[in-house]
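Here is the structure we will look at.
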Amino acid sequence: MKLFAIAAVLAVSLAGCSPEEARTETPGTNILELEVQGLAFVGPDTVKSGWTTIRVVNKGGMTHHALVYRLPDGITAQMVDEQVVVPIQKSLTAAIAGDTQKAAEIAATMPAWVGDLTWLGGPGMMSDGVTGEATMYLEPGNYIVECYVKTNGVQHNYNPEPGELGMVFPLTVLAEDGGMAEPDANVTLTLSNNGYEITDGAFVAGENSVRAVFAEQRLYNDFVGHDAHVFRIAEDTDIDAAASWPDFFPVDGQQTPAPASFVGGIHDMPQGATGYFKLTLEPGDYGITAEIPDARQSGFFKRFGVGAN
């Protein structure tokens with residue numbers, strides 16, 4: 001059952017945290033590397049601005065993702081946790097218990113500033129052992145990196161300890177430009193209101209750099225938009241289940257374990273934006289799906305094959 005009444009709550013329940021200092025790998029790169037440890041992002045909490053790669057090494061034992069969004073002025077990660085994540089979890093808990101009226105009442109308590117959060121990409125769904133990598137142009141400011149996948153009805157961004165953050169990771173993008181050039185790509189994936197289209201190049205075995213062009217964007221359930229999450233199609237994969245799994249709004253949406261092996265992707269970005277993500281692909285069949293209701297029926301499912309080089 002879809003939780004339309006708590007839509008505005010759910011898609012904003014993002015989180016994961018742990019600080020340090022930014023590091024630069026080699027000249028011409030501007031990379032922030034985080035590692036999933038348990039239910040936390042661990043790594044530097046600052047990075048330079050401009051073209052920025054967010055790399056997430058998933059060693060957390062389950063599927064995760066890493067939505068990146070910018071906070072409005074005056075809004076902190078603690079406010080996101082207390083005013084958004086906690087109520088969303090309470091709403092979800094009520095919905096799972098069958099009390100949809102209580103779920104809707106809790107959802108109605110969302111602060112007005114939630115509408116001013118700006119989704120700016122970030123690594124898509126990653127099964128355990130996968131390293132997700134997405135590159136976006138980030139302006140200076142305060143951001144969050146968040147995972148809100150669910151396990152046993154609890155969102156990964158939720159921490160029951162008062163004052164303690166779950167997978168809501170505060171990130172500061174500094175005014176200093178990182179000097180990184182816009183990446184190259186061997187595949188261009190265009191996202192429009194009609195779905196996905198590969199408008200240039202082709203996927204290959206090995207490493208792929210995918211340019212994601214957000215030609216059109218719209219909101220679903222008042223929160224989530226077009227994005228791209230890639231999964232491996234094995235002989236026993238339930239493609240319908242895998243294609244619909246990233247939809248957060250059903251009570252069983254994004255519940256681990258995932259029905260397929262997810263290998264990366266990129267979260268939603270504003271209309272007109274371009275982001276990049278990397279995939280390491282073995283020969284075989286794959287599917288691209290989105291974190292929206294009825295993705296497959298809406299054109300947001302694309303199957304592709306990768307041959308041996």
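The values are calculated or read from the model by the stated rules, or taken from the named source; none is laboratory data. Here the structure is a predicted model, which means the values were calculated and not measured. Backbone-built Cβ (ideal geometry, glycine too); neighbour counts: all protein chains shown.
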Open item on the list: Residue under question is E161, and the condition is that it be surrounded by fewer than 15 Cβ atoms within 10 Å (Cβ to Cβ), more than 18 Å from E82 (Cβ to Cβ) and assigned by TED's automatic domain parsing to the domain that holds L117; does it hold?
Closed with: no
Task: Q217, sole failed condition from (1) closer than 26 Å to L117 by Cβ; (2) crowded, with 20+ Cβ neighbours inside 10 Å; (3) not charged (D, E, K, R) - done: (2)
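Matching residues to (1) among the basic types (K, R); (2) farther than 24 Å from P259 by Cβ; (3) modelled with pLDDT of 95 or more:
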| position | (1), (2), (3) |
| --- | --- |
| L34 | no, yes, yes |
| W51 | no, yes, yes |
| R55 | yes, yes, yes |
| N58 | no, no, yes |
| Y69 | no, yes, yes |
| D81 | no, yes, yes |
| L92 | no, no, no |
| T100 | no, yes, no |
Open item on the list: Any residue that is among the small types (G, A, S), in contact with a strand residue (DSSP E or B) (Cβ under 7 Å, 6 or more places away or on another chain), surrounded by fewer than 18 Cβ atoms within 10 Å (Cβ to Cβ) and closer than 21 Å to G28 by Cα - is there at least one of those in the stretch 115-122?
Closed with: no
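For every residue, the table says whether it meets (1) farther than 24 Å from I54 by Cβ; (2) aromatic (F, W, Y); (3) buried (at least 20 other Cβ atoms within 10 Å of the Cβ); (4) not assigned by TED's automatic domain parsing to the domain that holds R55.
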residue: V204; (1), (2), (3), (4): no, no, no, yes
residue: N208; (1), (2), (3), (4): no, no, yes, yes
residue: E235; (1), (2), (3), (4): yes, no, no, yes
residue: P257; (1), (2), (3), (4): yes, no, no, yes
residue: L279; (1), (2), (3), (4): no, no, yes, yes
Open item on the list: Residues that are under 29 Å from K90 (Cα atoms), at least 1 per element: which strands (runs of 3 or more DSSP E) completely within the stretch 221-309 meet that?
Closed with: 228-233, 261-266, 284-289
Task: Of residues in the stretch 235-257 being at pLDDT 95 or above and β-branched (V, I, T), the one nearest to A104 (Cα to Cα) - done: T256
- [ ] Please state which of the following conditions V42 fails to meet, knowing it meets all the rest: (1) within 18 Å of H267 (Cβ to Cβ); (2) at pLDDT 95 or above.
- [x] (1)
- [ ] Name the single residue, out of those in the stretch 101-114 being of a type outside the set (D, E, K, R) and surrounded by fewer than 17 Cβ atoms within 10 Å (Cβ to Cβ), that is farthest from V56 (Cα to Cα).
- [x] Q101
TODO: Go through (1) touching a strand residue (DSSP E or B) at 6+ places or on another chain (Cβ under 7 Å); (2) at pLDDT 95 or above and name the single condition A15 misses.
DONE: (2)
- [ ] Inspect all residues belonging to the stretch 70-82 and state whether any of them is surrounded by fewer than 16 Cβ atoms within 10 Å (Cβ to Cβ), in a helix (DSSP H, G or I) and of a type in the set (D, E).
- [x] yes
TODO: Look through the stretch 123-141, keep the residues that are among the hydroxyl-bearing types (S, T, Y) and assigned to a strand (DSSP E or B), and return whichever of them is surrounded by the most Cβ atoms within 10 Å (Cβ to Cβ).
DONE: T135
- [ ] Could you look through the stretch 214-234, keep only residues that are of a type outside the set (A, V, I, L, M, F, W, C) and farther than 20 Å from F203 by Cα, and pick out the one that is modelled with the lowest pLDDT?
- [x] D222
